Amino acid sequence: MSAIVTVITYGSFDLFHEGHYRLLQRAKALGDYLIVGVTTESYDEYRGKLNIVDSLMERIDHVRSTGFADMIIIEENVGQKVQDIKKYNVDIFVVGSDWTGHFEYLNKYCKVVYLERTKNISSTMLRAKNYRILRMGIIGSGRIASRFVPEAKQVSGLNVQCVYNPNSESASKFAAAWDVDMIPDLDEMFRSIDAVYIASPHETHYEYTKAALEHGLHVLCEKPLTLNKAQAEELFTIAKERKLVLMEAVKTAYCPGFNQMLGIAHSGVIGNICDIDACFTKLESPTNRELTDLQYGGSFTELGSYTVLPIIKLFGSNYTNISFSTIRGENGLDLYTKAHFEYSTGIATAKCGLGVKSEGQLIISGTTGYIIVEAPWWKTSYFEVRHENPKDVERYSVRFLGDGLRYEISDFVSIINGNNKRAFKLTAEESIAMAGIMERFLKETRNT
Ligand code: CTP
């Protein structure tokens with residue numbers, strides 16, 4: 001052992017509490033020099049801790065203000081502990097007894113000490129105490145609603161308790177499968193909940209969202225929020241007036257990998273962004289609703305929210321021109337659509353197919369390089385930044401958990417609880433712009 005005894009410990013230290021204080025106090029007493037690793041938001045996301053309230057800087061400030069830490073570092077990934085222990089010549093690794101047995105592998109490098117956890121206090125308890133558990137209902141009981149329930153279980157702070165569908169047979173099956181109540185009367189459901197997830201057919205989103213907002217409920221609505229711009233504007237106005245959260249559930253917008261990729265695209269590593277090419281195809285049976293609903297079916301209304309998203313996020317809503325090319329089936333619905341965008345600074349294409357298969361890539365081209373996100377880029381977990389020299393490649397991989405709906409659900413709960421820092425991922429203006437694009441598409445391609 002070195003003359004000075006160096007101790008290290010790690011944690012999220014969210015909503016700093018007495019348990020954290022006592023842990024740090026005892027850790028410091030074990031040696032002469034205490035290093036505290038505080039987890040980054042992205043590492044916590046990676047670990048599935050999606051509900052952290054305090055920012056990294058706030059958590060660092062809280063640790064610092066105890067006066068016990070001689071050095072504060074940030075913990076960014078799962079393999080970092082071994083490196084830190086070697087780097088800082090650590091003698092003792094300390095953690096609370098809730099982790100007993102987890103860190104035996106570190107015995108090779110230093111002494112591992114589990115300190116008894118302070119009873120009856122945790123960040124989880126404080127989060128539950130500070131924020132009332134949201135009672136949530138679901139409208140619609142199809143495939144996407146079924147994916148929502150298990151994902152919602154991964155997020156603390158909400159409880160999915162009931163479902164409504166005018167088709168009571170479908171609602172009953174759903175209620176039985178997911179152990180929620182089926183409520184046959186919409187007003188009655190609205191009276192029993194704080195928030196609603198709308199997963200009904202596209203054309204019903206506007207009415208349901210409006211009704212829910214007017215009942216004072218927060219709304220998470222499946223994409224497309226509406227098929228016309230004025231309706232989207234009206235809904236966001238009502239939400240704002242009533243201080244309610246209205247969010248469009250385009251899952252890609254909330255997932256960590258996609259957000260990291262956007263940040264890198266904006267950072268200048270590929271120079272000025274000139275072209276965006278986003279493609280998403282998913283073959284559907286010609287007898288399915290998506291290809292038989294003559295008014296609201298077709299590839300663009302179904303998948304366009306995904307492919308338009310990176311364009312709106314990177315180029316904004318002020319395109320100078322937009323046009324659509326479609327390949328139609330016998331019933332006139334688009335089996336494949338290319339939306340062409342022109343901006344003062346660049347061009348973009350959003351390609352969607354339900355009856356044509358293609359490579360589902362996202363390529364963002366700039367003056368000095370490009371970003372390629374392979375399929376399924378809408379669940380971004382890996383991407384590359386490439387340059388003129390083919391050997392000059394930066395690779396990024398980001399964890400994507402489960403079906404990915406947990407990210408939008410976690411942001412929805414967090415924003416309701418007042419954490420507006422997460423609201424940038426898909427803004428009202430961006431959702432309104434996307435509704436405007438849907439409206440334009442329908443006007444130009446349907447005889448309605
Ligand atoms: N800790 C403790 N006593 C408590 C709570 C936490 O000794 N009552 C310790 C943990 O064992 C860990 C450190 O404090 O060594 C940081 O833990 P962290 O996970 O940030 O805190 P928790 O309150 O356990 O957070 P959560 O409820 O989110 O898991």
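Matching residues to (1) within 13 Å of the ligand (Cβ to nearest atom); (2) in a strand (DSSP E or B):
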{"position": "Ala3", "(1), (2)": "no, no"}
{"position": "Tyr10", "(1), (2)": "yes, yes"}
{"position": "Tyr21", "(1), (2)": "yes, no"}
{"position": "Ala27", "(1), (2)": "yes, no"}
{"position": "Ser42", "(1), (2)": "no, no"}
{"position": "Leu50", "(1), (2)": "yes, no"}
{"position": "Ala69", "(1), (2)": "yes, no"}
{"position": "Gln83", "(1), (2)": "no, no"}
(message) Is it the case, given these coordinates, that Gly353 is crowded, with 17+ Cβ neighbours inside 10 Å, small (Gly, Ala, Ser) and over 30 Å from Ile193 (Cβ atoms)?
(response) yes
(request) Determine which member of the set Asp54, Asp98, Asp44 is under 30 Å from the mean Cα position of the chain (by Cα), more than 30 Å from Phe258 (Cβ to Cβ) and modelled with pLDDT under 95. (result) Asp98
(request) Determine which single condition Ser200 fails, assuming it passes every other condition in (1) farther than 21 Å from Asn51 by Cα; (2) outside any loop (DSSP other than H, G, I, E, B); (3) touching a residue at least 12 places away in the same chain (Cβ under 8 Å). (result) (2)
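Taking into account only those residues within the range 52-66 that are of a type outside the set (Ser, Thr, Tyr) and touching a helix residue (DSSP H, G or I) at 6+ places or on another chain (Cβ under 9 Å), which is nearest to the ligand (Cβ to nearest atom)?
Within the range 52-66, the match that is nearest to the ligand (Cβ to nearest atom) is Ile52.
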(request) Would you please name the residue that is modelled with the lowest pLDDT, looking only at residues in the range 402-426 that are part of a loop (DSSP other than H, G, I, E, B) and within 14 Å of Gly157 (Cβ to Cβ)? (result) Asn419
(request) Report, by residue number, each residue of the range 254-304 that is within 20 Å of the chain's Cα centre (by Cα), closer than 17 Å to Gly366 by Cα and surrounded by 20 or more Cβ atoms within 10 Å (Cβ to Cβ). (result) Met261, Ala265, Ala278
(request) Collect the residues in the range 164-182 that are under 24 Å from Glu248 (Cβ atoms) and either of a type in the set (Lys, Arg) or touching a strand residue (DSSP E or B) at 6+ places or on another chain (Cβ under 8 Å) (or both), keeping them in residue-number order. (result) Tyr164, Asn165, Ala171, Phe174, Trp178, Val180
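Return yes when Glu214 is free of Cβ contacts under 8 Å to residues at least 24 places away in the same chain and within 27 Å of the chain's Cα centre (by Cα) and no when it is not.
Spelling it out, it is not the case that Glu214 is free of Cβ contacts under 8 Å to residues at least 24 places away in the same chain and within 27 Å of the chain's Cα centre (by Cα).
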(request) Select from the range 53-67 the residues that are part of a loop (DSSP other than H, G, I, E, B), of a type in the set (S, T, N, Q) and exposed (fewer than 13 other Cβ atoms within 10 Å of the Cβ) and list them in ascending order. (result) none
(request) Mind listing whichever residues of the range 285-308 are in a loop (DSSP other than H, G, I, E, B) and modelled with pLDDT of 95 or more? (result) Gly298
(message) Could you list, ordered by first residue, the pairs with Cβ atoms under 6 Å in which the first is in the range 110-134 and within 6 Å of the ligand (Cβ to nearest atom) and the second is part of a loop (DSSP other than H, G, I, E, B), at least 6 apart or interchain?
(response) Ile121/His17; Ser123/Asp14; Ser123/Leu15
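The values are calculated or read from the model by the stated rules, or taken from the named source; none is laboratory data. Given the structure is predicted, the values throughout are model-derived calculations rather than measurements. Cβ atoms come from the backbone with ideal geometry, glycine included; neighbour counts cover every protein chain shown.
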